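Asks: Here it is: the structure, laid out below.
The values are calculated or read from the model by the stated rules, or taken from the named source; none is laboratory data. Being a predicted model, the structure only gives us computed values, none of them experimental. In this analysis, Cβ positions are derived from the backbone assuming ideal geometry, glycine residues included, and neighbour counts consider all displayed protein chains. All accessible areas refer to the heavy atoms of the entire protein, side chains included, with ligands and DNA or RNA removed. Shrake-Rupley method; radii C 1.70, N 1.55, O 1.52, S 1.80 Å.
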Amino acid sequence: MKNLKKIICAVLAITLAVLTFAGCGGSKEKALTATEGKLVMATNASFPPYEFKDGNDFAGIDVEIAGKIAEQLGLELEIKDVEFGSIIGGVETGKFDMGMAGMTVTDERKKSVNFSDSYATGVQTVIVKEDSAIKSLDDLKGDGSMKFGVQQDTTGDIYASDTAENGGYGEENIIRYKTGNEAVLALVSGKVDAVIIDNEPAKSYVASNKGLTILDGAWVEEQYAIAISKDNEELLTKVNEALNALIDDGTVKSIIDKYISAK
Ligand code: ARG
């Protein structure tokens with residue numbers, strides 16, 4: 001009899017404990033990010049001046065803006081360097097809290113993720129060798145006479161690989177690389193005739209590789225923004241608040257000016 005009482009008491013105590021904990025868990029606010037206290041940003045750090053490796057550290061416009069956003073939200077920024085094409089999927093599934101990679105807002109991407117307000121603009125430009133027969137955008141042809149190098153899954157890839165009637169050069173004339181840097185190295189070594197990439201990285205690559213030049217003229221302006229899961233509206237709101245505060249107080253401009261010398 002004594003034992004039965006003990007057992008009943010124990011069961012009641014455990015039940016109470018479980019209920020209490022469950023109660024705590026239930027009433028506690030849902031964490032803002034996947035890992036409490038952390039803001040995990042996915043990027044592809046081969047895209048200067050937006051993101052690049054400086055020794056073992058990450059540097060660039062996106063890296064610094066993200067650092068300030070994390071600071072405002074009281075979170076610790078953690079950066080994951082992944083393939084550009086896996087950023088959206090990883091954000092969508094909650095593997096990363098946000099994607100920030102000089103990423104252009106497109107209707108297609110908006111089907112998978114939400115985008116913050118825009119913090120910068122870019123345009124697709126074309127890099128060729130200085131001694132190339134390609135002298136202007138009009139010389140670019142999707143007739144099999146030239147190969148175009150792009151970073152896989154970027155807007156440059158999407159535009160260039162489109163059909164001629166849509167302004168592209170045809171899938172068969174495109175060679176895709178994992179990073180913009182690899183596409184540029186392929187241009188230097190003559191494997192491709194032109195590289196299509198965003199203007200600021202294009203300038204950086206031309207500055208750091210001899211014998212390259214950017215063709216005059218550019219396509220439509222693109223808006224860069226931060227990708228956030230559609231399941232985390234709260235994070236989107238908070239990131240936008242922080243971002244707009246940083247735009248309003250001039251922080252974003254001073255970060256951009258630090259990396260892009262005004263001409
Ligand atoms: N703006 C282009 C896009 O969104 C290229 C971005 C590439 N970014 C990078 N970090 N590699 O598709």
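Asks: Students often forget the sequence filter, so: which aspartates and glutamates lie under 12 Å Cα-Cα from Lys80 once same-chain residues fewer than 8 apart are removed?
Replies: Within the straight-line limit of under 12 Å, Lys80 reaches these aspartates and glutamates: Glu51, Asp57, Asp97.
Asks: In terms of solvent-accessible area of protein heavy atoms at a 1.4 angstrom probe, what is the ranking of Ile61, Ile88, highest value first?
Replies: These residues rank, largest area first, as Ile88, Ile61.
Asks: How much area per residue is accessible in the chain when the probe is 1.4 Å and only protein heavy atoms are counted (Å²)? Can you show the working numbers first?
Replies: Values: 13780 Å² over 263 residues.
So the chain comes to 52 Å² accessible per residue, rounded to a whole number.
Asks: Can I get the semi-axes of segment 101-255's equivalent ellipsoid? Compute them from the C-alpha gyration tensor as square roots of 5 times the eigenvalues, in angstrom, largest first.
Replies: For segment 101-255, the semi-axes come out at 32, 18, 12 Å.
Asks: Provide the gained length on full extension for the span Ser112 to Thr251, in nm with one decimal, where the gain is 0.36 nm per separating residue minus the Cα-Cα distance. Present the calculation step by step, with values, prior to reporting the outcome.
Replies: Numbers: separation 139, 0.36 × 139 = 50.04 nm, distance 2.96 nm.
Working it through step by step, the gained length comes to 47.1 nm.
Asks: So what's the projected area for segment 148-231, the Cα convex hull averaged over all directions, in nm²? Intermediate results must be reported in sequence, preceding the final value.
Replies: On the way: hull surface 27.0 nm².
If you wrap the Cα atoms of segment 148-231 in a convex hull and average its projections, you get 6.8 nm².
Asks: Give me the one-decimal nm value for the distance between modelled label points at Val123 and Thr213, 7 Å along each residue's Cα-to-Cβ direction.
Replies: 1.8 nm
Asks: With every protein chain in place, what's the accessible area of Ile226 (1.4 Å probe, Å², nearest 10)?
Replies: The value for Ile226 is about 0 Å².
Asks: Now for a separate question. Could you tell me what fraction of 2.2 N^0.38 Å the Cα radius of gyration of segment 191-243 comes to, as a two-decimal ratio?
Replies: That works out to 1.74 for segment 191-243.
Asks: Separate question: In whole Hz, what ³J(HN,Hα) sequence does segment 40-49 give by Karplus (6.51, -1.76, 1.60; θ = phi - 60°), x for Gly and Pro?
Replies: Karplus-based 3J(HN,Hα) across segment 40-49 equals 8, 10, 9, 8, 10, 7, 9, 9, x, x Hz.
Asks: For the chain, with all protein chains present and a 1.4 Å probe, just round the carbon and sulfur fraction of the accessible area to a whole percent.
Replies: Carbon and sulfur atoms account for 54 percent of the accessible area of the chain.
Asks: Given labels modelled 7 Å from the Cα in the Cβ direction, how far is it in nm from Glu241 to Asp57?
Replies: 3.0 nm
Asks: Can you work out the Karplus-derived ³J(HN,Hα) for every residue in segment 219-230? Use 6.51 cos²θ - 1.76 cosθ + 1.60 with θ = phi - 60°, whole Hz, and x for glycine or proline.
Replies: These are the phi-based 3J(HN,Hα) values: 7, 4, 6, 10, 9, 8, 8, 9, 8, 9, 4, 5 Hz.
Asks: At 0.36 nm per residue, and after removing the present C-alpha to C-alpha distance, how many nm does the segment from Lys95 to Thr179 gain when stretched out fully? Numbers along the way, then the final one.
Replies: On the way: separation 84, 0.36 × 84 = 30.24 nm, distance 2.14 nm.
Extra length available between Lys95 and Thr179 comes to 28.1 nm.
Asks: Hey, another quick one. The chain: Rg/Rh from Cα coordinates, Kirkwood Rh?
Replies: Expressed as Rg/Rh, it is 1.17.
Asks: Sticking with this one: Multiplying the sequence separation of Glu130 and Ile260 by 0.36 nm and subtracting their Cα-Cα distance, what value in nm do you get?
Replies: Between Glu130 and Ile260, full extension yields 44.5 nm more.
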